[in-house]
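Here is the structure we will look at.
The values are calculated or read from the model by the stated rules, or taken from the named source; none is laboratory data. Source: prediction; values computed, not measured. Positions of Cβ are generated from backbone atoms using ideal geometry, with glycine treated the same way; all protein chains shown enter the neighbour counts. For accessibility, only protein heavy atoms count, side chains too; no ligands or nucleic acids. Shrake-Rupley method; radii C 1.70, N 1.55, O 1.52, S 1.80 Å.
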Amino acid sequence: MHANPVPPWAGKQPRDWQAKALPIALDALRRRENAIICAIMGSGKSVLIAEVCASGRGRVVVTVPTVALVVQLAATIGARCPGEVGTFYGDSKQTDRRITIVCLASLGTYAAATAHLEAPALWIADEAHKTEAERVLEAHAKLRPTRSLGFTATPFRSVPTQELSLWSRLVYEYGVKDAMRDGVVVPYRLRHWTGGEVTVDEACLQMIATAEGPGLVNALSVDDAEQYAAYLCRNGVEAAAVHSRLDQNTVAERINLLKCGKLRCIVHVNMLAEGVDMPWLRWLCMRRAVKSTVRFCQEVGRVLRAHPGKTEAVLYDPNDLFDAMGLTYEAVLQGQAAPKGLDGIRAELDALAGAIDADAVDAPERWAKCLTVWRRYLRLLVHACIASGKVEQKISSRGWRSADPSPRQVETAGKFLRGLKSDTSVPAPHRRHLATIADNVQRLTRGDVSDLFSVLAALKTARYLNEPLWTVLAPAINGAEVNYEAA
């Protein structure tokens, strides 16, 4: 072990998950596994990375995707390993330190500049889902690190069968359910559109009008961000755009205006990428119909970060993105591609279609998706279970949710619904909604049926533990109670 004058964890008490993950990470390094640790945004990956860096002697290369993250991580690791940390990006070309934080865009240049040195003893890839880029793979082949360790909140790519080929095993996972239990992130409340046929822009305006506290609205492009911010201002919502054409002082000023309440929201193009730290945000309006599962998880996850006085995050979803996407996906690492045979061919065809979507620019959706009352209730019900920590959905791909369920699945769902709607222990408002779903059981998609089964699993667990789950699920009623006769 490496002697260091700074005490373990820089003298601070580590979070429980960090303390558990550290020996697992070090054991994976001893075994020379190319392992990944998955932890949700805002959970403290950088602190764990610093502790790993302090646990060895050899040269360490730490890669991150942005210059902002280079600066942030250098400060965190430098506090644990003072005098040992250098940076490599743009005009900073330090190669004489034991630990070097390198921007991914400069990794090839770094590999060339250090070609005369022995191979790094350790490569740590923060945001490891970014490592499949061709230039990263080429630089990695030149560096030939002895050991590798990846960190990410999203250990997959937007196309399920496209692997993260440099990594072999997920050794530790700290997910949404764990983080909610520990208070690292807050529960979320979904809000869908039910106001009839209007454009997405109009729906977002009406949803934002009810929002409390500071929030964000995503946009397709710089021009789109400017235009929609102006549209909000004309309609009584104080808003400003933030994008790459603005200087850093202007960006910082507008973020500060949002934080102190002088702006209601910021319209952005890519603010919620890696490294953004705005835990005080209260809501997110998903105006942009994102196609990338990685982008979706990054945007939503960062709004969920805990902050003093923040009890929940509100997610406005006029495109019903939560129908096809989630916050937790199966890891797709080396050796975990689609199986061969007929199922494999189908998966590869689905993946090809997904690749076309994932690589395309997010298309503007003109009309907001107006959910039926019963489908909105079902969506809110399952996500209330997820937000309360009673359910954790693991999604392996996106397309399956819109497919038709099997006859047996429909039959089972019907029995489940009939049992609940006649169960007097279920509060009457819930029974009313469940009866409506039962009347529409033949219209359920495979995703709807999966949601019902998730709720059933949560109910069984709650009964076993004697927990009042229906009280926890009150947000589903509060968000969906409407006049059926008028709907």
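List of remarks:
- Restricted to the range 161-181, and to residues there that are among the hydrophobic types (A, V, I, L, M, F, W, C) and outside any helix (DSSP H, G or I), the residue that is most open to solvent (accessible area, probe 1.4 Å) is Leu170.
- Some residue of the range 138-154 being more than 30 Å from Val176 (Cα to Cα), of a type in the set (A, V, I, L, M) and surrounded by 17 or more Cβ atoms within 10 Å (Cβ to Cβ): yes
- Condition check for Arg463: at pLDDT 85 or above, of a type outside the set (Phe, Trp, Tyr) and open to solvent by 50 Å² or more (accessible area, probe 1.4 Å): no
- Residue count, the range 348-385 (criterion: modelled with pLDDT of 65 or more, outside any loop (DSSP other than H, G, I, E, B) and closer than 28 Å to Leu205 by Cβ): 14
- When Thr76, Thr87, Thr63 are checked against the criterion of being among the polar types (S, T, N, Q) and part of a helix (DSSP H, G or I), Thr76 stands alone in meeting it.
- Between Arg431, Arg443, the distinction of being touching a Lys or Arg at 6+ places or on another chain (Cβ under 9 Å), charged (D, E, K, R) and modelled with pLDDT of 90 or more belongs to Arg443 only.
- Condition check for Lys415: in a helix (DSSP H, G or I) and of a type in the set (Lys, Arg): yes
- Residues of the range 293-306 classified as small (Gly, Ala, Ser) and open to solvent by 30 Å² or more (accessible area, probe 1.4 Å), total: 1
- Residue among Val426, Val441, Val410 that alone is closer than 18 Å to Thr471 by Cα, among the hydrophobic types (A, V, I, L, M, F, W, C), in contact (Cβ under 8 Å) with a residue 24 or more places away in the chain and open to solvent by less than 50 Å² (accessible area, probe 1.4 Å): Val426
- Residue count, the range 43-58 (criterion: open to solvent by less than 20 Å² (accessible area, probe 1.4 Å), in contact (Cβ under 8 Å) with a residue 60 or more places away in the chain and touching a Leu at 6+ places or on another chain (Cβ under 9 Å)): 4
- In the range 47-67, the residues that are modelled with pLDDT of 95 or more and either in contact with a His (Cβ under 6 Å, 6 or more places away or on another chain) or of a type outside the set (Val, Ile, Thr) (or both): Leu48, Ala50, Glu51, Cys53, Ala54, Arg59
- Residue pairs whose Cβ atoms lie under 9 Å apart, sitting 6 or more positions apart in sequence or on different chains, and linking a residue in the range 207-235 that is in contact (Cβ under 8 Å) with a residue 60 or more places away in the chain to a partner that is assigned to a helix (DSSP H, G or I) and open to solvent by 20 Å² or more (accessible area, probe 1.4 Å), are Pro214/Lys259; Ala219/Glu226; Ala219/Gln227.
- Residue match in the range 19-41 (condition: under 28 Å from Ser92 (Cβ atoms), charged (D, E, K, R) and open to solvent by 30 Å² or more (accessible area, probe 1.4 Å)): no
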